[in-house]
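First comes the structure, then the notes that go with it.
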Amino acid sequence: MNQRRLISSTGLLLAALLALGVIILVNTTLTSFRLDLTENKLFTLSDGTINIVRSLDEPVTLDFYFSRGLLTDYPQLMNYATRVRDLLEEYAARSGGKLELNVIEPEPFSEAEDEAVANGLNGIAVNQAGNRAYLGLVGTNSTDDKEVIPFFKTDEAASLEYDVTKLIYNLANPDKRSVGIISSLPLFGGEESEPWAILEPIGEFFQVEDLGANVERIRGIDVLMVVHPKDLDTQTEYAIDQFLLNGGRAIFFVDPLAEQDDAQPDPDNPQVLPDMDSDPEALFETWGVEMVDQKLAADINAAMRVQTRGARGPQEIDYLPWLKLDESNLSREDFATSELKLIHMATAGILRTLEDAAVTMTPLIRTSTEAMMLERDLILFQRDPSVIRSNFESGGERLTLAARLSGTVPSSFPNGPPADDAGETVETDAEHVAEGELNAIVVADTDILADMFWTRPQRMFGIDVPQVIADNGDFVVNSLENLSGNTDLISLRSRGDYERPFKVVEEIRRKAEEQFRAREQELQAKLEETERKIMELQREGTGGDAILTQKQTEEIERFRQEQLQTRKELRAVQHELQKNIERLGNRLKFINIGLIPLLIGIIAVITGIIRRRRYV
């Protein structure tokens, strides 16, 4: 008996030692191993990251500042810091020795803390003694260029890989490519306005050059960005034409109604509407492309919800000219849009090719089939969303809002350089190109660049930091990078969703609103018809006397009863809408909270019964 107890105790001790050894081995050798079950694969290095770290020509040093001891009382930050460290170790393992990772724990009042502060890291106060904890990254290359992530914020976990890879990419490519911008909109700000937020993501990867509204020649840039070209002179059009035919790449943002254009009516003729559209017709016509004249795209499935004041007070309603476009509207085959989730556009135009077009047009952004072309003047004169909605009638086809153009095209100036205002031919320092390969992207909206449609103001550390709510900026940078020949970073953007709408709930709400709107219009029609009948009765029966006859009184009373009954029906529609949404919510709660545990319990009981029967 004693011998058996000794053997049993020895076995337990050996098993405990074996388990401890396995845990130590796993912690030291398999810390970066993960099974990624997330929908967007947020914890797996993408092919773009692997391509970048494996193609490093020179070594890059990453100093990861991690105040382990000070963050022990903050489990959320501690767990996130561990994840960041493991991810950085995976970067180093994948780089073939080109990435050197140093994990530094800056103690309070130490030289490491001084270095962290000097490098621009942000610390957070963790106790009353004033000690600060650091969780940031400093990257340097062989030429002493430096890139910094001041603090890894947990609410930006979805963009973690992108931020780190972008840092490494910038260190590996310190010489930025250049983007020249021709714009009649105040992208670069002015005396009373700040530069547009879109310039910040562009400036992270490109050297941005403001070319003004018109130019004499285009040289020394890698990509051209033309925004709202409504007043291009002939010389500028010729410069763009020759830049593209000489192998240059460009992205155009045109618009039938640019809401950011502050053009004012002519004081001598205030009845004439200001010019708020842009379309380089000379170039587009040569290529065989057009933006449909004075038409805007509307999509009932993508309309943004806006606040408006109706007869029943403040309410939300779909505003058809403002579009909230998801993955179903974006091309999954093109690098510029394949990884994007959400694009916001406003009063966008429609692109289409002409007969015998010289180019091939590949759609990048399109509406659903539940779309139509709205008259631009309707939007200019009628701002009531309900009136615009009442004029909606689906055309049954998808409308193209942005597209890639490619193909061999002739010059828009077949006779060579154009004449100036004096009638003399403009002299150029390059030979005229009569034909060439076109590679360009055209977006039929300029408001896609405006701050209000893809960012929200947010106060952080005493400064205003724009909070991204849509992928508009990523779309622009993706397009510029693709046109300039780089695609590795494109796959990393927008790996986490900004929002995940309840599509079933939205569909229930939309159908109920359509029913509600139909009843509301019917009520309005009844009201107008009754008023017309009352006026006729007054003219016929009383000769214009304001005293109502018995018949008129009965007619009014009948209408009031119909009005009350119709209002009851309207309230019933709204009540049914809310009941449908609540019923769906209760069903989802049961599945998430009750059904899964119930199934697990049933499986456990069945398994227990089966095992018991085996031993009986």
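Quick look at the numbers
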item: Residue satisfying condition, being touching a Ser or Thr at 6+ places or on another chain (Cβ under 7 Å) and either modelled with pLDDT of 90 or more or under 30 Å from residue 98 (Cα atoms) (or both), within set 161, 200; result: 161
item: Filter result (farther than 20 Å from residue 449 by Cα and either outside any strand (DSSP E or B) or among the β-branched types (Val, Ile, Thr) (or both)) within the range 335-366; result: 353, 354, 355, 356, 357, 358, 359, 360, 362
item: Residues of the range 252-275 that turn out to be of a type outside the set (Asp, Glu) and over 12 Å from residue 445 (Cα atoms), as a count; result: 10
item: Which numbered condition residue 460 fails, given (1) open to solvent by less than 50 Å² (accessible area, probe 1.4 Å); (2) more than 29 Å from residue 51 (Cα to Cα); (3) modelled with pLDDT of 75 or more; result: (3)
item: In the range 96-131, the residues that are touching a helix residue (DSSP H, G or I) at 6+ places or on another chain (Cβ under 7 Å), among the hydrophobic types (A, V, I, L, M, F, W, C) and closer than 21 Å to residue 60 by Cα; result: 99, 101, 103, 104
item: Looking only at the range 117-126, and only at residues there that are of a type in the set (A, V, I, L, M) and within 18 Å of residue 77 (Cα to Cα), the one that is modelled with the lowest pLDDT; result: 126
item: Residues of the range 400-414 classified as open to solvent by less than 10 Å² (accessible area, probe 1.4 Å) and either on the phi > 0 side of the Ramachandran plot or not small (Gly, Ala, Ser) (or both), total; result: 3
item: Among the residues listed as 441, 469, the single one being at pLDDT 75 or above, of a type in the set (A, V, I, L, M, F, W, C), in contact with a Lys or Arg (Cβ under 8 Å, 6 or more places away or on another chain) and open to solvent by 10 Å² or more (accessible area, probe 1.4 Å); result: 469
item: Output for the range 188-243, where each listed residue is closer than 20 Å to residue 276 by Cα and of a type in the set (A, V, I, L, M); result: 213, 225, 226, 227, 232
item: Matching entry among 426, 433 (being farther than 28 Å from residue 302 by Cα, modelled with pLDDT under 90, over 18 Å from the mean Cα position of the chain (by Cα) and not aromatic (Phe, Trp, Tyr)); result: 426
item: Selection status of residue 96, modelled with pLDDT under 90 and closer than 30 Å to residue 481 by Cα; result: yes
item: Residues of the range 80-119 satisfying the condition of being out of contact with any Asp or Glu (no Cβ under 8 Å at 6 or more places or on another chain), hydrophobic (A, V, I, L, M, F, W, C) and either assigned to a loop (DSSP other than H, G, I, E, B) or over 17 Å from residue 70 (Cα atoms) (or both); result: 88, 93, 99, 109, 118
item: Among residues of the range 72-118, those that are surrounded by 20 or more Cβ atoms within 10 Å (Cβ to Cβ) and either free of Cβ contacts under 8 Å to residues at least 12 places away in the same chain or over 34 Å from the mean Cα position of the chain (by Cα) (or both), counted; result: 2
item: Residue that is farthest from residue 375 (Cα to Cα), among those in the range 276-295 that are touching a residue at least 24 places away in the same chain (Cβ under 8 Å) and open to solvent by 70 Å² or more (accessible area, probe 1.4 Å); result: 285
item: Members of the range 120-166 that are in a loop (DSSP other than H, G, I, E, B), open to solvent by 40 Å² or more (accessible area, probe 1.4 Å) and not charged (D, E, K, R); result: 122, 127, 128, 129, 130, 142, 143, 150
item: Residue match in the range 403-414 (condition: of a type outside the set (Gly, Ala, Ser), at pLDDT 90 or above and not in a strand (DSSP E or B)); result: yes
item: Of all residues in the range 320-357 being over 16 Å from the mean Cα position of the chain (by Cα), among the aliphatic types (A, V, I, L, M) and under 19 Å from residue 404 (Cα atoms), the one that is surrounded by the fewest Cβ atoms within 10 Å (Cβ to Cβ); result: 354
item: Residue match in the range 383-397 (condition: assigned to a strand (DSSP E or B) and either surrounded by 13 or more Cβ atoms within 10 Å (Cβ to Cβ) or modelled with pLDDT of 95 or more (or both)); result: no
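Per-residue answers, yes or no, for (1) over 24 Å from residue 418 (Cα atoms); (2) in contact with a His (Cβ under 6 Å, 6 or more places away or on another chain); (3) buried (at least 22 other Cβ atoms within 10 Å of the Cβ); (4) of a type in the set (Gly, Ala, Ser):
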site	(1), (2), (3), (4)
191	yes, no, no, no
196	yes, no, no, no
200	yes, no, no, no
208	yes, no, no, no
214	no, no, no, no
217	no, no, no, no
222	yes, no, no, no
227	no, no, yes, no
242	no, no, yes, no
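The values are calculated or read from the model by the stated rules, or taken from the named source; none is laboratory data. What you see is a predicted model, and the numbers here were worked out from it, not measured in a lab. Positions of Cβ are generated from backbone atoms using ideal geometry, with glycine treated the same way; all protein chains shown enter the neighbour counts. Surface areas here come from the heavy atoms of the whole protein model, side chains and all, with no ligands, DNA or RNA. Shrake-Rupley method; radii C 1.70, N 1.55, O 1.52, S 1.80 Å.
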